[in-house]
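Here is the structure we will look at.
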Amino acid sequence: MHTLFAMRAAQAVAAVAMLTAVTVVSAQQSPTEWTRFRGPNGSGLATGTGFPTEFNTTQNMLWRLPLPQGHSSPIIWNDRIYLTAFRGDALFTMAIDRQAGTLLWERQAPETKTRILDKRNNAASPSPVLETDRVYVFFPDYGLLAYDAAGKELWKKPLGPFDNIYGMGASPIIVGNQLILAVDQSIGSFLLSLDKRTGNELWRTPRPEAKSGHATPILWRAPDGRDQLLLPGSFLLTAYDVLTGERRWWVRGLSFEIKSTPVVHGDTIYINGYGAPENDPDRKVNVPPSDEVWPIADANKDGVITQPEFPKYSSAFWFTVADLNLNGSLTKDEWEYYRAALDSENGMLAIRLGGSGDMTEKSVRWKYQRAVPQLPSPIVFKDVLYMVNDGGIVTTLNPETGAMIKQGRLTGALGAYYSSPVAAGEHLYFVSERGAVTVLPPGGDLAPLVVNNLGEDTYTTPAFADGKIYIRTVEALYAFGTK
């Protein structure tokens with residue numbers, strides 16, 4: 001593994017070649033493109049008009065294509081839809097004709113053994129990222145692959161094995177000539193940049209504080225004209241220089257687990273993080289340091305704490321969280337991570353962008369801590385911040401002040417939510433696990449205009465293009481639009 005310093009010379013050469021190529025993702029989008037997870041720069045905001053608000057299997061359905069299993073969201077480039085899937089241990093990249101709803105090709109990744117660590121995740125959860133004549137995919141059980149539009153494999157890069165108790169979930173992104181992937185895991189987290197043309201590594205920046213995360217990076221152009229990667233992780237939001245991977249600034253105060261992707265609105269980034277009920281401010285647990293615990297808890301004096309010796313400051317769940325190397329015992333370092341994880345707080349944070357070094361005291365604008373999502377990402381639409389937690393409670397906030405506008409469940413669409421809210425035209429779309437698609441008007445009110453029922457479990461985020469909506473359920477990919 002190359003360190004950042006060992007690769008400085010190679011980075012300098014690469015920087016010259018890439019400097020003029022790096023542009024903010026949102027500037028590359030057009031009304032027919034939804035080229036990465038949650039669309040332009042991960043915002044969840046579609047351009048264009050004419051998207052249907054009422055649809056089901058008999059109304060406004062253009063086509064339905066049965067699919068194998070996978071939680072990757074549909075990603076669009078012009079007349080193509082790309083996604084990933086799996087059958088048993090076989091991993092596939094699939095290209096679909098967007099107009100006809102037919103499979104154009106599928107390509108199998110090199111053989112590997114797939115692992116399902118959490119029902120909310122699976123072997124094909126990360127979404128592809130696209131550009132002209134190229135599709136890039138990440139399979140957590142294999143690594144990264146690149147294909148052209150005809151399905152020809154261009155390169156492949158095995159990665160891992162990874163060590164994340166929930167499995168990996170971040171999707172790759174394209175920045176200029178780079179393919180970038182966040183790899184947050186229990187031990188050895190890093191941010192990786194590859195030359196998208198060859199798959200060769202450009203830089204790799206360690207993220208030692210990150211222990212459990214699934215956030216996909218987004219971009220922000222700093223006042224100096226250089227793009228920065230914004231990536232939340234355990235305890236920290238960190239901004240990295242795109243060309244070198246160098247850490248520019250950071251803000252403390254995040255949850256010990258970050259699963260959703262942040263959004264930028266104006267000069268502020270909005271991040272939600274939820275670890276466990278014990279991370280709510282009124283349920284905090286005070287855990288003493290290891291030097292106080294070991295003389296009492298380490299009964300056999302072997303220098304570690306096993307599960308039978310684990311003091312009952314919290315539930316047994318936290319032993320699994322703290323056992324970073326999964327060897328059945330805790331070292332003093334793992335105990336200190338356990339303390340820090342329990343001390344972190346659930347919350348939606350508004351953080352002013354920019355700076356140098358630790359910007360915590362200067363940049364945190366506000367923090368909201370009720371009904372915070374664990375998985376779904378937030379969205380800012382027409383100057384209202386929306387979030388839906390995993391239990392289906394929707395909260396709308398004033399993005400400037402953090403003041404709550406409304407909070408409640410969506411009438412006619414109760415249940416769990418793992419899909420992230422998205423907006424198109426003049427409406428917002430919320431998709432429940434049970435396949436209920438609620439359409440809301442702008443303004444922060446939670447009274448649905450309509451609830452569309454697909455009748456199939458759904459874990460993915462919809463995609464939009466040319467007045468059409470594409471939704472993947474556990475059974476099929478649907479296209480809805482005015483016939």
Binned Cα-Cα distances of the stretch 282-342, short to long, each 10 Å bin given as a whole percent: 24, 62, 13, 1
Separation in nanometres of the label points that stand 7 Å from Cα toward Cβ, at Ala297 and Thr482: 6.3 nm
Centre separation in Å (Cα based) which lies between the stretch 95-112 and the stretch 192-231: 28 Å
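Return the Rg/Rh value of the stretch 289-426, two decimal places, where both radii are evaluated on C-alpha atoms and Rh is the Kirkwood radius. Could you put the intermediate results ahead of the total?
Numbers: Rg = 20.4 Å, Rh = 18.3 Å.
Using Cα coordinates only, the ratio equals 1.11.
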Amide hydrogen neighbours beyond the local backbone of Lys406, cut-off 5 Å, H modeled: Thr396
Charge dipole of the chain about the Cα centre (unit charges at C-beta), most positive-ward option of Leu154, Pro295, Thr238: Leu154
Cα pair distances in the stretch 113-170, grouped into 10 Å bins until the bin that holds the longest one, percent each: 24, 48, 24, 5
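By how many nm would the segment from Thr401 to Ile165 grow when fully extended, if each residue of separation counts as 0.36 nm and the alpha-carbon distance is taken off? Mind showing how you got there, number by number?
Values: separation 236, 0.36 × 236 = 84.96 nm, distance 3.55 nm.
Here the segment from Thr401 to Ile165 would lengthen by 81.4 nm.
Compute the semi-axes of the equivalent ellipsoid of the stretch 28-151, taking the square root of 5 times each eigenvalue of the Cα gyration tensor, and list them largest first in whole Å.
Working: eigenvalues 120, 58, 44 Å².
Its equivalent ellipsoid spans semi-axes of 24, 17, 15 Å.
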Distance in nm between pseudo-label sites at Lys113 and Ile187 (7 Å out along the Cβ direction from Cα): 1.9 nm
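Quote to one decimal, in nm, the extra length available between Asn286 and Glu153 on full extension: 0.36 nm per residue of separation minus the C-alpha distance between them. Numbers along the way, then the final one.
Values: separation 133, 0.36 × 133 = 47.88 nm, distance 5.27 nm.
That works out to 42.6 nm of additional length.
What ranking do 124-131, 51-58 get when scored by the average of other Cβ atoms within 10 Å per residue, highest first? Please list the in-between numbers first.
On the way: 124-131: 25.0, 51-58: 17.2.
Averaged packing, sorted descending, gives the order 124-131, 51-58.
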Positive minus negative residues near Leu324 (Lys, Arg vs Asp, Glu; Cβ under 15 Å): -4
Phi-based couplings in Hz for the stretch 139-156 (Karplus 6.51, -1.76, 1.60; Gly and Pro marked x): 10, x, 8, 10, x, 9, 9, 10, 10, 8, 5, 8, x, 6, 6, 9, 6, 9
Local electrostatic count, Ala479, Cβ distance below 10 Å [Lys/Arg +1, Asp/Glu -1]: +3
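Is there a quick way to get the dipole size of the chain? I mean about its Cα centre, with the Cβ of Lys and Arg at +1 and of Asp and Glu at -1; what is the value in debye to the nearest 20? Write down the numbers at each step before the final one.
Values: 45 positive and 50 negative charges, 153 e Å.
The calculation lands at about 740 debye.
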The stretch 396-407 - phi-based ³J(HN,Hα) in whole Hz, Karplus 6.51/-1.76/1.60, Gly and Pro as x: 10, 10, 6, x, 7, 10, x, 5, 6, 9, 8, 8
Inter-part distance where the stretch 305-356 and the stretch 397-455 are each reduced to a Cα centre, Å: 32 Å
Projected label distance in nm at Asn453 and Arg409, using a 7 Å step from Cα toward the beta-carbon: 1.5 nm
Antiparallel DSSP beta bridges within the chain, as percent of all bridges there, nearest 5: 95 percent
Arg434 long-range amide H proximity, modeled H, under 5 Å: Ala416, Thr458
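Can you sort Tyr147, Tyr386, Tyr313 so the residue with the fewest Cβ neighbours within 10 Å comes first? Could you put the intermediate results ahead of the total?
Details: Tyr147 22, Tyr386 27, Tyr313 15.
Placing the least packed residue first, the sequence is Tyr313, Tyr147, Tyr386.
For the stretch 179-319, take N as its residue count and report Rg(C-alpha) divided by 2.2 N^0.38 Å.
Values: Rg = 18.8 Å, N = 141, 2.2 N^0.38 = 14.4 Å.
In units of the 2.2 N^0.38 Å rule of thumb, it is 1.30.
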Amide H partners (placed H, <5 Å) of Phe381, local residues excluded: Tyr386
J(HN,Hα) series, the stretch 353-359, from Karplus relation 6.51 cos²θ - 1.76 cosθ + 1.60, nearest Hz, glycine and proline x: 6, x, x, 8, x, 6, 10
Largest to smallest principal axis extent of the C-alpha atoms in the chain, angstrom: 72, 53, 48
Order by protection proxy (mean Cβ within 10 Å, highest first), peptides 295-307, 65-77, 210-222: 210-222, 65-77, 295-307
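We did not get these values from a lab; they are worked out from the coordinates using the rules stated. Everything quoted here is computed from the prediction, not taken from an experiment. FYI the Cβ positions are ideal-geometry reconstructions off the backbone, even for glycines, and counts take in every protein chain you see.
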